[in-house]
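Comments concern the structure below.
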Amino acid sequence: MDLCLNLDLDTSEEENIDFVIEQLNDALAYENMEDILPLPRARCPIIKFKDNITKISCDICLNNRLAIRNTSLLRDYMCIDERTVKLGLIIKYWAKKRKINNTYNGTLSSYAYIIMLINFLQRREPPILPCLQTMQDENCYPVGEDMIDNFQCYYYTDMEKLKKFGEENKESLGELFIGFLQLYAHNFNYKNHVLSIRTGRYLTKREKNWTVREGNARTHNYFALEDPFEVTHNLARNSELVGLKEIRYEFARGYRLATNGSNMDQICKTF
């Protein structure tokens, strides 16, 4: 579960961040939360913990207005076609069981997998999802008037008009899941391409200036996923070569098992 705490406080100052994170840490400890991990120096200050009753993992970030807008965008994509929600749950469950959903271990976040899914569904023939950021409507925010932290955050928001957008595509959940696994196991060009739901297509690493940076401890660009609003941010920037190989292996393994008739328990079996 991801939460955002918006405060009337300048979180660009380290002492303010330290104070808030310390207060949150003490409050969570008082409530007997588990695995509390404060990360005040993360790109976006955050504190991670696990609920002591439900065992649900939670993140609380500070003043991340872009994250709130991202959440709204993903919510609206999810309501266009019910297959998107179901596939998202399947993929997140699979990635968690196969242990490839932790950015701190060099793999990917659950958010990144949803971005991969949306782009996959945008590119189906016929498409299941539109590209909301390239659509225009007089009832939506006009371009230039929906800025957050100097990033353009416009997208089309009249979801009622899009309820039947993907109905011409008759692929089942199983067919789409197998197609998703196949794409990132064998077909996606990791060396040159950048996945972008903002444009509904693939960009190139060259045009984004996201070439591989050997020896950079924080940004590798072996895999490139453009954040839909913060377009300078590569969501897979921390995926090391070893982590990317692990991710691609799991996609290939899942695809092999799925096409050989294995069930989801076998595909998602924890090792």
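The values are calculated or read from the model by the stated rules, or taken from the named source; none is laboratory data. These numbers come from a predicted model, not from an experiment. In this analysis, Cβ positions are derived from the backbone assuming ideal geometry, glycine residues included, and neighbour counts consider all displayed protein chains. Just the protein is used for accessible areas: all its heavy atoms, side chains included, with ligands, DNA and RNA removed. Shrake-Rupley method; radii C 1.70, N 1.55, O 1.52, S 1.80 Å.
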Restricting region 174-206 to residues that are of a type in the set (Ser, Thr, Tyr) and farther than 25 Å from TRP94 by Cα, the one nearest to the chain's Cα centre (by Cα) turns out to be THR199
For region 26-55, pairs from a residue that is within 14 Å of LEU3 (Cβ to Cβ) to a residue that is open to solvent by 40 Å² or more (accessible area, probe 1.4 Å) and acidic (Asp, Glu), with Cβ under 7 Å and 6 or more apart or across chains, are PHE49/GLU34; PHE49/ASP35; LYS50/GLU34; LYS50/ASP35
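Table: residues versus (1) part of a loop (DSSP other than H, G, I, E, B); (2) open to solvent by less than 10 Å² (accessible area, probe 1.4 Å); (3) at pLDDT 95 or above.
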position	(1), (2), (3)
GLU171	yes, no, yes
GLY174	no, no, yes
TYR184	no, yes, yes
ARG206	no, no, no
PRO228	yes, yes, yes
ARG237	yes, no, no
LYS245	no, no, no
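Each row is one residue, and each column tells you yes or no for (1) of a type in the set (Asp, Glu); (2) under 22 Å from THR84 (Cα atoms); (3) out of contact with any strand residue (DSSP E or B) (no Cβ under 8 Å at 6 or more places or on another chain).
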| site | (1), (2), (3) |
| --- | --- |
| THR103 | no, no, yes |
| LEU129 | no, yes, yes |
| ASP158 | yes, yes, yes |
| LYS163 | no, yes, yes |
| ASN192 | no, no, no |
Those residues of region 5-32 which are modelled with pLDDT of 85 or more and in contact with a helix residue (DSSP H, G or I) (Cβ under 9 Å, 6 or more places away or on another chain) amount to none
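Okay, residues lined up against (1) touching a helix residue (DSSP H, G or I) at 6+ places or on another chain (Cβ under 7 Å); (2) of a type in the set (A, V, I, L, M); (3) buried (at least 19 other Cβ atoms within 10 Å of the Cβ):
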residue	(1), (2), (3)
PHE49	yes, no, yes
LEU62	yes, yes, yes
TYR77	yes, no, yes
GLU82	no, no, no
LYS86	yes, no, no
LEU89	no, yes, no
TRP94	yes, no, yes
LYS99	no, no, no
